[in-house]
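S.K.: Let me give you the structure first, and then I'll get to my questions.
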Amino acid sequence: MKVAIVCDWLTGIGGAERVVLELHRMFPKAAIYTSQYDPEAIDWFASANVRTTWLQKLPKSLKKFLPVLRAITFSRLDLSEYDLVISSSGAEAKGVKTGPNTLHVSYCHSPTHYYWSRYDDYIKHPGFGFFDPLARLGLRLLVNPMRRWDYRAAQRPDVLIANSRHTQKKIKQYYNRESVVIHPPVDTKRFRVATPLKRKGFVIAGRQTPYKRIDLAVAACTKIGVHLTVIGTGPDHAKLRRMAGKNVTFLTEVTDSSIREDFQAASAFIFPGVDDFGITAVEAMAAGTPVIAFNGGGARDYIVPGITGKFFDRQTVNSLTQAIKSFNPRKFDHAQIAHNAEHFNTSKFHTNIKKLIKPLIKNKR
């Protein structure tokens, strides 16, 4: 069986890239097609057959500027020679061409954020710095034709996979298509507790962008004077430092072992944003750490109140503050939390993908 994997870009490490990594492990001989690839930023694919488009010649710093060019490029990429094409996409990669004898399965991380559910967020915070006004103008002018293109592109795959029930609803809402939920792979082994640590304080991790709402955690913990460790960096980093009290610690450079210890040593992981899934929160669970999450998005697929964590109902400082104040770490069984996280491990992902694809390939033949 001739297999191809397609993804939007490979220029950093995130949840989408981890999906591509596991697909590569499942199909190690498959060619990986992508718009841009930076082997220095992500070294997981050194032995893979990575094939880039002409956009590779442009600086990766222009990635945000290229959705129209990616749409044109992927829509002209003809992969009809393959028996199976798996696209891992939250943007344009799902729009590739395939033939009648090709099974195209698309793992959808989300309907493209900047056209649909987070359009208003991108208008408020384009993330282009000095060029924000130009970015806003471009997005307003192009959003309607690009929404039409994105909708048509989402009709091309034979099957859509959603990474959560939240994303499944968004796929139905924006693309008018049914989908199958297969949760993304989480490297739970990496976070398993060898020697239990004394737990105190709270932790939050992730790219510091407005929609992650890390500001809520910083403000809430500063307000009530409990210790918070903030791991990561991003556009909001300077703002978060300015608003943080002395009880908030920022870690911008962490290793695999240190972040595991930070998760294991925390009383709880705070997850205040609305994410399509939220791999980092499940990584914290794999370390036996309960999660205090906003009651929305993909968190509803893995937070079991009283077992793996608790919800707060409004994205406000007061709502999160009350959740932290009422949180009792002694009520949680860390071993049980880690056990629940195993429902999302890489083996489960492999099994579920194979179970979906096998009968579909037989039908194509």
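S.K.: With a ≥ b ≥ c the root eigenvalues of the C-alpha gyration tensor of the range 188-343, is it rounded (a/c under 1.5), prolate (a/b larger than b/c) or oblate?
M.R.: Rounded.
S.K.: I've got another one for you. Quick one: net charge of K170's neighbours, Cβ under 13 Å, K/R +1, D/E -1?
M.R.: It works out to a net charge of +1.
S.K.: Choose one of V19, V6, F74: the residue whose Cα lies farthest towards the positive end of the charge dipole of the range 1-108 (beta-carbon charges +1 Lys, Arg; -1 Asp, Glu; about the Cα centre).
M.R.: Ranked along the dipole, the leading option is F74.
S.K.: Starting from the Cα of D333, move 7 Å in the Cα-to-Cβ direction to define the label point; list residues of the range 301-320 whose amide nitrogen is under 19 Å from there.
M.R.: 302-310
S.K.: Distance between the C-alpha centers of the range 112-168 and the range 289-365? Whole Å please.
M.R.: The range 112-168 and the range 289-365 have Cα centres spaced 26 Å from each other.
S.K.: Turning to a different aspect of this structure: Distance cut-off 18 Å, Cα to Cα: go down the list K2/K29; K189/K355; K94/K172; K2/K362; K2/K364 and report the pairs above it.
M.R.: Too far apart for the 18 Å limit: K189/K355.
S.K.: Among A217, A48, A293, determine the one that fluctuates most according to a GNM of the chain built with springs between C-alpha atoms less than 10 Å apart.
M.R.: A48
S.K.: Counting only residues 5 or more places away or on other chains, whose amide H sits under 5 Å from the amide H of A4 once H atoms are built in the peptide plane?
M.R.: So A4 has HN proximity to L84, V85, I86.
S.K.: At 7 Å along the Cα-to-beta-carbon direction for both R241 and K64, put a label point, then send me their distance in nm to one decimal.
M.R.: 1.9 nm
S.K.: In a Gaussian network model over the chain where Cα atoms closer than 10 Å are linked, find which of T280, T53, T229 has the largest mean-square fluctuation.
M.R.: Of the options given, T53 has the highest mean-square fluctuation.
S.K.: Report, in whole Å, the centroid distance computed from the Cα atoms of the range 28-96 and the range 231-273.
M.R.: Going from one Cα centre to the other spans 32 Å.
S.K.: Run down the lysines and flag those whose C-alpha is under 20 Å from the C-alpha of K331, throwing out any fewer than 8 positions away in its chain.
M.R.: K198, K200, K310
S.K.: Let me ask something additional. Compute the long axis of helix 132-154 from its Cα atoms, compare it with the longest principal axis of the Cα atoms of the chain, and write down the angle in degrees, 0 to 90, nearest 10.
M.R.: With rounding to tens, the tilt is 60 degrees.
S.K.: How would you classify the range 82-203 from its alpha-carbon gyration tensor, with a ≥ b ≥ c the square roots of the eigenvalues: rounded for a/c under 1.5, else prolate if a/b is greater than b/c, otherwise oblate?
M.R.: oblate
S.K.: In straight Cα distance, which lysines are under 18 Å from K124, not counting same-chain residues fewer than 8 positions off?
M.R.: Cross-link targets: K64, K212, K239.
S.K.: Right, another one. Report, in degrees rounded to the nearest 10, the 0 to 90 angle that the Cα long axis of helix 165-175 makes with the longest principal axis of the chain.
M.R.: With rounding to tens, the tilt is 40 degrees.
All of the numbers you see were taken from the coordinates with simple rules; none came from a lab. In this text the structure is predicted, and so the values were computed from the model without any measurement. Positions of Cβ are generated from backbone atoms using ideal geometry, with glycine treated the same way; all protein chains shown enter the neighbour counts.
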